[in-house]
Amino acid sequence: MGEVVTGNTRFLLLSIALVVGVVGYLAVDHVARLRGAPTSRTVGKTLPAPTPPVATPPVAPPSATPAAAESNVELKKTYDACVMKLFPTREDAEARAAACSKALQTRQLAPDQVAMARLTRGIARTALGDRILASEDYAAAVQHYDQLINPANPDSLSVYRRAVALDASGQTDRALDEYGNAIKLDPKASLAFLSRGVLLAARRRAYDRAIEDFDRVLVLEPDNLEALVARGDAFSQLKDEARAMADLNRAVALAPGNAVALIARGQAESRRGNQAEAQRDYEAALKANPRNVTALVNLAAVNALRGDVVAAIPLLDRAIEIDSGDPLAFYNRGYAHFRLKQYDKALADYSAAIDLDRTLGLAFNNRALTRVVLDKELKAALDDADEALRLMPINLDVRETRGFIFLKLNEPAQALVNYDAALALDPNRALALYGRGLSRLRMGDSGGKADQQAAETISPDVVEEFAQYGLK
């Protein structure tokens, strides 16, 4: 979903602090976001667009009257407005979805056009935040391509498009297989290599394998902006800073005003602790596109990490105004409100983030903590923490959250189980040590005092952290 950035240790009870929005997870979305950013070379060389989607002219009506001919021209115009050459972006998603719907409603499109229109409308609806209707379009697109593709003689473009529909609908394994099939059919299918690499990086965290795919793209198209950005990000994730910055600097040099390239470089700078440089890139991205939600969310995160939480909130307000379907914007605003002790607002924002993305374990964890701080709905807080643990089973912060809740519920034995689980993997966690000590003391074990003393040695503020929430 996004990169986790650790926050100020003084707010350890908040567990993980901020989430930085990633450029995207679907390769076609990456390509779409790069459109309109001229480079020193032609966009056609830099951006590997799919073959123009009008593979078959719209089906002509039986009559050859002038009115019928005019209708056919209008249908072609509508279909072209739907599919164009690249997939929809946030900026044109509404118009593209409407054009696709209008074209589909004529029932005069050829089968391959129906498949492409459903796929395109699904991507547009995803950009608009309508994930339910989008999922219906993706499923329909897959079904249409299943019927269109001849297993004895498949064509690489249709196989690629089916892979995109599978990718967009979350069917990762099938999508990876289909991208591979498209590559077998056309070993020079740069967009298939690119899409598979993005999917490997985003959903499998298989950065080395992803880099191999990006390498292939760049052999075929040395100035492919998307491949440079994606490979640079993958190198950054592997902490290969030199190669990451080489790729990302080159991407920005090729497209100085491209928001995606600037955001990716900002993320890499942030990962290596260069928050001032990250802020520079996010601000440049916003200069290029003031409505770029990812840049707004990430700039807010940088402000919070640098201690200016107040400045983060207007940026997140703006992001939510532009895209009320972005869960990271709500999550980060919830964090900012928590830091400012505006707990009711934090609770509302975490709930909004969860409503938009029920896989966001961090939001469940932080909503649990917020409920505890408000000292209400402790059972609901435990339910949230349980869900966070299910979604993030190896996250130690969640174990600490559960221990904290069990202490508030006066169940020290259960608290002890969770603190022990955290300390088994990291014996120097101050919160877990102090919480375990408190649990042991409540159970009549005087050895808990040693745990608390060890915790204070690691973090002198830990006593205050517990005391301010009524735990002594």
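The values are calculated or read from the model by the stated rules, or taken from the named source; none is laboratory data. Computed from a predicted structure; not experimentally measured. Cβ atoms come from the backbone with ideal geometry, glycine included; neighbour counts cover every protein chain shown.
Which residues, taken from the range 202-214, are modelled with pLDDT of 95 or more, among the aliphatic types (A, V, I, L, M) and either surrounded by 24 or more Cβ atoms within 10 Å (Cβ to Cβ) or part of a helix (DSSP H, G or I) (or both)? Ala210, Ile211 - these are the residues of the range 202-214 that are modelled with pLDDT of 95 or more, among the aliphatic types (A, V, I, L, M) and either surrounded by 24 or more Cβ atoms within 10 Å (Cβ to Cβ) or part of a helix (DSSP H, G or I) (or both). Within the range 368-389, being crowded, with 21+ Cβ neighbours inside 10 Å, without any contact (Cβ under 8 Å) to a residue 60 or more places away in the chain and within 19 Å of Gln468 (Cβ to Cβ) holds for Ala368, Thr370, Arg371, Ala381. Restricting to the range 157-191, count the residues that are touching a residue at least 24 places away in the same chain (Cβ under 8 Å) and within 18 Å of Ala124 (Cα to Cα). Total satisfying the criteria: 8. Scanning the range 122-163 for residues that are in a loop (DSSP other than H, G, I, E, B) and either in contact with a helix residue (DSSP H, G or I) (Cβ under 7 Å, 6 or more places away or on another chain) or over 25 Å from Ala98 (Cα atoms) (or both) turns up Leu128, Ile149, Asn150, Pro151, Ala152, Asn153, Pro154, Asp155.
Taken together, Ala352, Ala381, Ala424 contain a single residue that is small (Gly, Ala, Ser) and either under 30 Å from Asn292 (Cβ atoms) or assigned to a loop (DSSP other than H, G, I, E, B) (or both), which is Ala352. Taking the condition part of a helix (DSSP H, G or I), touching a residue at least 12 places away in the same chain (Cβ under 8 Å), among the hydrophobic types (A, V, I, L, M, F, W, C) and out of contact with any strand residue (DSSP E or B) (no Cβ under 7 Å at 6 or more places or on another chain), does Val198 pass? In short, yes. Taken together, the residues in the range 239-269 that are surrounded by 24 or more Cβ atoms within 10 Å (Cβ to Cβ), part of a helix (DSSP H, G or I) and among the polar types (S, T, N, Q) amount to 1. Of all residues in the range 337-353, which are buried (at least 24 other Cβ atoms within 10 Å of the Cβ) and at pLDDT 95 or above? Hits for the range 337-353 are Ala346, Asp349, Tyr350, Ala353. Return yes or no: is Lys449 surrounded by fewer than 16 Cβ atoms within 10 Å (Cβ to Cβ), farther than 28 Å from Phe330 by Cα and touching a Gly at 6+ places or on another chain (Cβ under 7 Å)? The answer is yes for Lys449.
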